[in-house]
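Asks: What follows is a single structure, and I will ask about it in a moment.
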Amino acid sequence: MKKPLITTLVIFAVLFLPVRGQTGGVGLAHRNYKFVNGRWFDGQKFAAKTFYSVDAILTSKKPSIVDSVIDLSGKYVIPPFGEAHNHNVEWNGDETFARTKHMYLEAGIFYVKNPNNLPRARTPFFGKINMPTSIDVVFANGGLTASGGHPFGIVRRNIERGGMTKDDGEGGFYFAVDNLADLDRKWETIKAGKPDFIKTYLQYSEEYEKRKDDEKYFDWRGLNPALLTEIVRRSHREGLRVSTHVETATDFHNALVAGVDEINHTPGFRPEKGDWTTYQDSSRYKISEGDARLAARKGVVVVTTLVSAIDHALQKKEGEPFNALRDLLIYNLQLLKKHHVKIAIGSDSYRQTSLPEALNLQRLGAFDNRTLLKMWCEATVATIFPQRKIGHLKEGYEASFLVLSGDPIQDFTNVQRIEMRVKQGQLLSLSD
């Protein structure tokens, strides 16, 4: 009979000990752990291994000192999950952040990417994120868009609701860039905000000229696609990756041609102006074979954000447009997979994490469980923190992982059955 996983062997709190291998937080020290009887995911299968956590790093080499031995009792060990697209890590006070942090850590999501935020809202996070006992987050600051383009409407709504002021618009939540002169004038300010990456917006760029001055398309237009190449060039010169919001297959193509690093949203993730009855003709959202090949060749990452679209696509009612929507989503995802495009999981769902996104992708059936697990553990975290050794359970990588009670390759819903969370050598407690 297998022993139950020992969750009380070590107190799941940060241990303040005599400092050895101190990293990531005032006074924090890492104990050396030996993890035995675990089944560790090697990228293809689960294999029985013994690993040590030494100074927050995974190793199979026994250190001179082992503080504790933890028996994983045959449980399944995987890398932590990521959230590649959400705006819910924003500052609304300690209590709100505590709930957000708990929500992510409970789901096993350690890494979050916020692709548009108020720059002033980052300062209060100092000492609260990007440390072993919290979530790790990167921020884009304000996005680059056209005058009257997305996310102008978000700012307008938040001003009406009292959540923003006029000063939070231009130079805050967005930068309106209609021509090269605008970019020249605003570029130093954009850089001065110290973004972790640059966020840009294309929306129905095949109709840029038609939409740019028409109030009917307020918040449903974006950059002149001809400007995006120069934005990417300047960003890359500064060592900044570029993420681009897209809506249509043409936006997808224009983003690739411009040289972006990441495409936010899979075409078809929402209909124009939220009208879900408009999917009878889904051709404007259908990615071409050539563009899928190009995305793979350039190493571009595509972020899903399909949780709401899948909800609609899998409605029980028969007939159009929802059958067409389902077929479109499966086609685009499987086309990207066929050409080995990197796909990351992000929800863009403010009150949720990427967990519902991953579960909905499993329901849609476009991927097998192993592929989906690797997308969430590997590709997603790599697009959030591309320079870090995370996303794999390998020698020399950060000692961050989840222990599951069941095999997620056999039953993907086992990703919800987390029995232990380890982040940078710290055994996490959700009660903290």
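Asks: Give me the pairs, please: first residue somewhere in segment 215-237 and within 26 Å of R157 (Cβ to Cβ), second residue anywhere and among the acidic types (D, E) and surrounded by 19 or more Cβ atoms within 10 Å (Cβ to Cβ), beta-carbon distance under 8 Å, and either six or more positions apart or on two chains.
Replies: Within 8 Å, the pairs are G222/D251.
Asks: Still on this structure, I have one more. Which condition breaks for L361 when tested against (1) of a type outside the set (K, R); (2) over 30 Å from F97 (Cα atoms); (3) in contact with a Phe, Trp or Tyr (Cβ under 9 Å, 6 or more places away or on another chain)?
Replies: (2)
Asks: Has segment 182-199 got at least one residue that is of a type in the set (V, I, T), within 20 Å of the chain's Cα centre (by Cα) and closer than 30 Å to L427 by Cα?
Replies: Here is the first cut: in segment 182-199, the ones of a type in the set (V, I, T) are 189-190, 198.
Applying the additional criterion that residues be within 20 Å of the chain's Cα centre (by Cα) yields 198.
Remaining after also requiring closer than 30 Å to L427 by Cα: none.
No, there is no match, as no residue in segment 182-199 is of a type in the set (V, I, T), within 20 Å of the chain's Cα centre (by Cα) and closer than 30 Å to L427 by Cα.
Asks: Quick check on my filter: what residues within segment 257-276 are touching a Leu at 6+ places or on another chain (Cβ under 7 Å) and in a helix (DSSP H, G or I)?
Replies: A258
Asks: Here's another thing I want to ask about it. Test of understanding: among Y350, Y279, Y331, which residue is assigned to a loop (DSSP other than H, G, I, E, B) and over 30 Å from N117 (Cα atoms)?
Replies: Just one listed residue meets the conditions, Y279.
Asks: Hey, among the residues in segment 353-401 that are small (G, A, S) and assigned to a helix (DSSP H, G or I), which one's nearest to the chain's Cα centre (by Cα)?
Replies: Result: S354.
Asks: If you go through segment 57-76 one residue at a time, how many are surrounded by 21 or more Cβ atoms within 10 Å (Cβ to Cβ) and either touching a His at 6+ places or on another chain (Cβ under 6 Å) or part of a strand (DSSP E or B) (or both)?
Replies: Of the residues in that region, 3 qualify.
Asks: Kindly indicate whether F46 is surrounded by 23 or more Cβ atoms within 10 Å (Cβ to Cβ) and on the phi < 0 side of the Ramachandran plot.
Replies: Against the criterion (surrounded by 23 or more Cβ atoms within 10 Å (Cβ to Cβ) and on the phi < 0 side of the Ramachandran plot), F46 does not qualify.
Asks: Residues that are hydrophobic (A, V, I, L, M, F, W, C) and over 30 Å from R99 (Cβ atoms): list the helices (runs of 4 or more DSSP H) wholly contained in segment 134-241 that include at least 3 such residues.
Replies: By residue number, 180-192, 225-237.
Asks: Do you know which residues across segment 350-373 are among the small types (G, A, S) and touching a Ser or Thr at 6+ places or on another chain (Cβ under 7 Å)?
Replies: Result: S354, single match.
Where a number appears in this text, it was derived from the coordinates with a stated rule and is not lab data. Please read these numbers as outputs of a predicted model, since none were measured by experiment. Every residue, glycine among them, receives a Cβ derived from its backbone with ideal geometry; neighbour counts consider all protein chains shown.
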